[in-house]
Amino acid sequence: MTWLQIVLNIPLNQTFTYSYIPSDSDSKEFLPEIGKRAEVRFGNRKAIGFIVSVSDHLPENCPVTEEKIRPVTKIIDAEPLFNEEIFELAGWISRYYLCSIGEAVFSIIPSRGKKESRTPGFSFNEDLSEKTTNILSPEQEKAVHEITESAAEGRTSYHYLYGPTGTGKTEVFLQCAEWLLKRNKGVIYLVPEIGLTPQVVKAVTNRFGNTAAVLHSGLTPSQKLTEWKKIMHREARIVVGARSAVFAPVPDLGMIIIDEEHDGSYKSGETPRYHARQAAMHRCAQLGIPLVMGSATPSVEAWFLMSQKRLKAHFLSKRLAGGAMPQIKTIDLSRTKNSGCISDELADEIRKTVENKRQVILFLNRRGFTHFFRCNQCGYEMKCKNCSVPMTYHKFENRLRCHYCGWQTEPPVFCPACGSLDVGYSGFGTEYIEAETRAKFPNARILRLDTDSLSKKGELEAKLEEFRNGQYDILLGTQMVAKGLNFPKLQLVGVILADTGLHMPDFRAAERTFSLITQVAGRAGRFFPDGKVLVQTYNPQREPILFACRSDISGFYNYELNQRKMIGFPPFNRLVRLVFRSPNQNQASACAEQASILLEQICGSNAEVIGPAECPVFKISQNFRFQILLRSQNITVLQKAASALLNNYTHPQSVYIECDIDPLSLM
């Protein structure tokens, strides 16, 4: 009889004991081994788990007798799906982010694929002939030399490639990767979202051909499993992917690269709430290899670490494609009379640009035609019945929709509160701008890109390629047009309303606003020295907007670090966020109150307990939400306090407690 310890994807931080009874019909390939999946009965249901231990003896601490232990139904895999290094990484995720070992393992390894897929994913392209290595500028050469030198010495080192957009960060990453591949080392190259970074993916697959694998959310579980095994078998030596690719089982891993390090999508929004940067730092430290990060707008934490020399900074200052940094000008909307959301000055510049056969991007970080429904008599705002957020009007569908839970309804003709017919919509979004742009520039070819306008797989890449080829004159879009995209004919970028994110009750609002304006402005002037950026705002003197429009990067970070220091927020302190949510408001509130008293006792003078308070978005999907923040300079103190609460606090089953270590958002 063989005894197996199996982890399941449930929030219980333990393994479960099962027996394995071999039969004559069992193939030798499907014998139990650490790292293989097994199908088991758990309670009254079937479940899939990972084998983490195989033994001839029943564990001494087993809580049940031998005859009560169930046998596994079957072994699923012919070969293990993880090795010791990946399992150690899962253990670290479990300890650091306070989730069960099963949740950690299942977040790392593709577990839902029943069998390998014969359909190729978005990877292992045929060998491409276009494998040219570009000549480097002196700045790039110095960065490549210093990074590869640390790799040759076989030591952990953290590097940051920092410079304006268009200064050649991607080429430095690719040449470092090339250097490692020649020495039979593997590379992981992380990008924020595969769909939004097609040019990076293209550059990698062009350079490395069939040694490159691309992991992305469009793959089916079976395709992911196929790619995972190809990586394990060394058929792919460079892996490009979003957040979860940081866990790719690359043998002889030599370097991890994180492009656009500042991007919020590197942080997981569900359990385990890991950050790919933190996981990469841990993995590089364990393996003694370099981590190379890069961005035109580093996160405040990364800038702070660079200033303290804990990250080695490499600065790139010259645009390499013949372009120059664009002229940036603010348009103060409080001092101009405008008939819509496009000011007269911006409209004139758009007209000139289109007449000169050049292209325009208009950027707004807001989906939907207008922001929300409002009664002009009594001030009633139409809010989602499940969430405490205003409904957004979508003109094309003539529907009000909640962007949190998806609930939608027809727009009312009169005010539901007072019956007045004097109702309207406040704010504006991409659909609204599209309608106004088509009215003001009837002869221009206009393309709108946001998550509402894209429905088919591959549509985003196709539309961006059409814009690059000059098939459209004006591109309207949200965040997705701010990512690392290069358009040779682009001359003008218009930011419709720079203030959009500034009013969020979140300590990172200024950082996000600065980053978005700087990134979207960086699309202009990449290939010609005549790029222009016009930023419309009601607050031209607000620091994030002022510094972004002056291209004063260090000025903004110095200002923001002073603000963070004054209020005691990261990077000067660490945070843990606990959210108590329940359909029953009183139970969620009472649970949070009791938890805060317990946390005060657990923390003593070692950490500060802030709250409880209602979350800024108080209700989502019919759940009321309260939060507690734990603050200290020592993350271990906070983890121990949160762990003690999660493991020992008995609370009503209707209340769910979310734990977020190093939260990116407090909404």
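The values are calculated or read from the model by the stated rules, or taken from the named source; none is laboratory data. Note that the structure is a prediction, hence the values are computed from the model and not measured. Here Cβ is always computed from backbone atoms with ideal geometry, including for glycine, and neighbour counts include all displayed protein chains. Remember, those area values only see protein heavy atoms, side chains included, never the ligands or the DNA or RNA. Shrake-Rupley method; radii C 1.70, N 1.55, O 1.52, S 1.80 Å.
Output the number of residues of segment 273-287 satisfying the condition of being open to solvent by 10 Å² or more (accessible area, probe 1.4 Å) and among the basic types (Lys, Arg).
Result for segment 273-287: 2.
Could you list, in sequence order, all residues of segment 1-34 that are β-branched (Val, Ile, Thr) and under 20 Å from Ala104 (Cβ atoms)?
If the condition is that a residue be β-branched (Val, Ile, Thr) and under 20 Å from Ala104 (Cβ atoms), then Ile6, Val7, Ile10, Thr15, Thr17, Ile34 are the ones that fit.
In segment 1-25, which residue that is out of contact with any strand residue (DSSP E or B) (no Cβ under 8 Å at 6 or more places or on another chain) and free of Cβ contacts under 8 Å to residues at least 24 places away in the same chain is most open to solvent (accessible area, probe 1.4 Å)?
Asp24
Which pairs turn up if I take residues in segment 594-613 that are within 25 Å of Phe624 (Cβ to Cβ) and look for partners that are among the acidic types (Asp, Glu) with beta carbon separation below 9 Å, at least 6 apart in sequence or on another chain?
Val609/Glu600; Pro612/Glu593
Take the residues of segment 196-255 that are assigned to a helix (DSSP H, G or I), more than 16 Å from Glu178 (Cα to Cα) and small (Gly, Ala, Ser): which is least open to solvent (accessible area, probe 1.4 Å)?
Looking at residues that are assigned to a helix (DSSP H, G or I), more than 16 Å from Glu178 (Cα to Cα) and small (Gly, Ala, Ser), I get Ala245.
Looking at Leu492, Leu502, can you tell me which residue is open to solvent by less than 40 Å² (accessible area, probe 1.4 Å), at pLDDT 85 or above and among the aliphatic types (A, V, I, L, M)?
Leu492
Identify all residues within segment 308-365 that are under 22 Å from Gln479 (Cα atoms), out of contact with any strand residue (DSSP E or B) (no Cβ under 8 Å at 6 or more places or on another chain) and open to solvent by 90 Å² or more (accessible area, probe 1.4 Å); write none if there are none.
Hit for segment 308-365 is Met325, nothing else.
Looking only at segment 591-643, count how many residues are at pLDDT below 95 and among the basic types (Lys, Arg).
Counting residues in segment 591-643 that are at pLDDT below 95 and among the basic types (Lys, Arg) gives 1.
Which of the residues belonging to segment 529-587 are within 25 Å of Ser632 (Cβ to Cβ), aliphatic (A, V, I, L, M) and touching a residue at least 40 places away in the same chain (Cβ under 8 Å)?
Answer for segment 529-587, where residues must be within 25 Å of Ser632 (Cβ to Cβ), aliphatic (A, V, I, L, M) and touching a residue at least 40 places away in the same chain (Cβ under 8 Å): Leu561, Ile567, Leu575, Val576, Leu578, Val579.
With the checklist (1) open to solvent by 20 Å² or more (accessible area, probe 1.4 Å); (2) of a type in the set (D, E, K, R); (3) under 22 Å from Pro110 (Cβ atoms) in hand, flag the one item Arg37 doesn't pass.
Tallying (1) open to solvent by 20 Å² or more (accessible area, probe 1.4 Å); (2) of a type in the set (D, E, K, R); (3) under 22 Å from Pro110 (Cβ atoms), Arg37 fails exactly one: (1).
Counting only residues that are in contact (Cβ under 8 Å) with a residue 24 or more places away in the chain and among the charged types (D, E, K, R), which one in segment 67-83 is surrounded by the most Cβ atoms within 10 Å (Cβ to Cβ)?
The extreme case among them is Asp77.
In a strand (DSSP E or B), within 26 Å of Asn647 (Cβ to Cβ) and without any contact (Cβ under 8 Å) to a residue 60 or more places away in the chain, is that true of Val52?
Spelling it out, Val52 is indeed in a strand (DSSP E or B), within 26 Å of Asn647 (Cβ to Cβ) and without any contact (Cβ under 8 Å) to a residue 60 or more places away in the chain.
Could you say whether any residue in segment 55-66 is part of a helix (DSSP H, G or I) and either of a type outside the set (A, V, I, L, M) or surrounded by 13 or more Cβ atoms within 10 Å (Cβ to Cβ) (or both)?
yes
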